[in-house]
Amino acid sequence: MATPHQDDRTRLLVLGANGPTGRQTVHQALTRGHQVSALTRHPETFPLHHDRLQVIAGDATDEGVIDAAVAATDAVICTIGAAFTRRPVVVYSTSARLLVEAMDQHHRRRLIVVTSGGVDADHRPAGFAARLSRSVVRDHVGKTVYDDMAKMERVVSASDLDWTVVRPPGLTDEPGTGYAVAEDSIDGPVMSREDLAGMLLDQLEDDRFLRKVAAVTTPGLTVSAWRMLRREVLKR
Ligand SMILES: NC(=O)c1ccc[n+]([C@@H]2O[C@H](COP(=O)([O-])OP(=O)(O)OC[C@H]3O[C@@H](n4cnc5c(N)ncnc54)[C@H](OP(=O)(O)O)[C@@H]3O)[C@@H](O)[C@H]2O)c1
């Protein structure tokens with residue numbers, strides 16, 4: 001049974017809340033006046049505190065955790081991420097399946113999930129170097145991650161929910177300067193996480209991308225390929 005809604009603030013559940021995009025999303029959601037539940041497996045390292053913030057300890061692949069968290073929310077933003085590995089990855093598709101089931105069960109509608117521009121197999125970025133590095137990352141280094149993101153997209157888009165899939169390019173912690181968005185694919189190699197968080201929250205009040213894939217970027221932002229590889233792919 002859902003918790004009765006006390007006022008007209010949106011109760012927002014953020015998955016992957018302790019990652020860099022998740023923290024930005026929680027921070028900006030609180031600034032916008034939302035009531036936020038932040039799910040993380042490591043609540044002891046979660047840096048934010050607020051009287052409208054509840055930190056939930058748990059794994060997003062745990063059915064009981066997702067069911068209870070969804071029951072007490074109005075909308076869900078999923079920023080869960082997995083590191084590149086040769087082993088199979090299931091966290092994106094498993095959490096998506098559990099979210100869809102729980103949201104159906106509790107009659108919740110709005111689901112926004114982050115995957116990646118790399119999921120779009122048909123998109124050919126401008127420039128030979130960009131196409132080469134994309135192919136190396138998409139088809140080799142990150143294959144199991146992208147395969148599971150694609151599965152997440154299929155799970156979410158097959159649901160009856162008010163879903164939006166958001167595909168960013170490589171992410172950085174540079175300050176946001178405003179984002180660009182287009183259906184399915186967009187050129188632009190890098191996005192500020194600050195901009196991505198703002199875009200995710202804007203979807204709570206914007207129905208242009210309901211039941212659609214939104215490709216996003218921060219126009220004009222560039223980071224050297226080597227720096228991106230070291231910081232975001234090798235996590236060093
Ligand atoms: N990094 C990039 O360049 C890039 C590019 C395109 C798309 N993306 C996507 O954009 C999103 C945000 O990326 P990011 O780099 O800001 O964050 P991230 O480093 O991928 O971190 C996301 C968070 O997901 C949480 N998580 C992972 N498995 C979980 C599980 N089983 N249960 C609960 N939480 C789990 C982790 O938090 P805890 O350990 O605290 O639970 C982690 O901090 C992700 O979906 C990512 O795949 C990233």
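Annotations
- Of all residues in segment 29-48, those being free of Cβ contacts under 8 Å to residues at least 60 places away in the same chain and within 16 Å of the ligand (Cβ to nearest atom) number 13.
- Exactly one residue among Glu183, Glu194 is over 27 Å from Met103 (Cβ atoms) and either open to solvent by 20 Å² or more (accessible area, probe 1.4 Å) or among the polar types (S, T, N, Q) (or both), and that residue is Glu194.
The values are calculated or read from the model by the stated rules, or taken from the named source; none is laboratory data. Computed from a prediction, not measured in an experiment: that's the story for all the values here. Heads up, the Cβs are rebuilt from the backbone with ideal geometry, glycines too, and the neighbour counts pull from every protein chain shown. With ligands, DNA and RNA removed, areas are computed over all heavy atoms of the protein, side chains included. Shrake-Rupley method; radii C 1.70, N 1.55, O 1.52, S 1.80 Å.
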